[in-house]
Amino acid sequence: KSPGLYCLVESISFNPLPGDTTTPNTISSWFPTDNTSYPGCKKLDNGPFALGFFSVISIESSDVIIDLNGYKIQYHLHFYLQQRFGSIIEIANQPFLPYTGSADFGYNFIETNNITITN
């Protein structure tokens, strides 16, 4: 949540909270369960994580430069198959403006400006 230059030093294959591929739908597999750290995940409502992890990187400050430095960011195949909604880089703290979108993602929207993503 701070302005600055952020550089990748390796490729990222995003696979948070991986579950067991033989029983992929068990509770907490690929889905946040700590409502304090991930608002909206418990009730599936009223927070940016109402539908799970909505991005790999969430830029929540103005004046940010992300330099991929020749590396790549991708969803791991297991996460992609489990969570079909999301962005690689989200330029906000939630996926939709308040009171819009496919769920109630909350009303605490942080606007950002002057964002650069380069490779």
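Surface composition of region 12-66: carbon plus sulfur atoms contribute 55% of the solvent-accessible area (1.4 Å probe, protein chains only, all chains present). Here the ratio of the Cα radius of gyration of region 9-51 to 2.2 N^0.38 Å is 1.33.
Placing a pseudo-label 7 Å from each Cα along the Cα-to-Cβ vector at ASN113 and SER29 gives an inter-label distance of 4.6 nm. All Cα-Cα distances of region 40-119, cut into 5 Å bins from zero to the largest, leave 3, 15, 22, 23, 18, 13, 6, 1 percent in each bin in turn. Accessible area per residue for region 8-86 is 57 Å², calculated with a 1.4 Å probe on protein heavy atoms, without ligands, DNA or RNA. Size of region 1-82: Rg and Dmax of its alpha carbons, in Å, are 14.7, 43. When PHE109, PHE53 are compared by accessible area of protein heavy atoms, the largest-first order is PHE109, PHE53, using a 1.4 Å probe. Using the Cβ of ILE59 as centre and a radius below 14 Å, the other residues enclosed give a net charge of -4, where K and R count +1 and D and E count -1. Here the simple spin-label model places points 7 Å from the Cα toward Cβ, and for ASP63 and LYS42 these points are separated by 3.7 nm.
The values are calculated or read from the model by the stated rules, or taken from the named source; none is laboratory data. Every value quoted in this text rests on a predicted model; they were computed, and no experiment measured them. So basically every Cβ, Gly included, is an ideal-geometry build from the backbone, and we count neighbours across all protein chains shown. We work out accessible area using only protein heavy atoms, side chains counted, and drop any ligands, DNA or RNA first. Shrake-Rupley method; radii C 1.70, N 1.55, O 1.52, S 1.80 Å.
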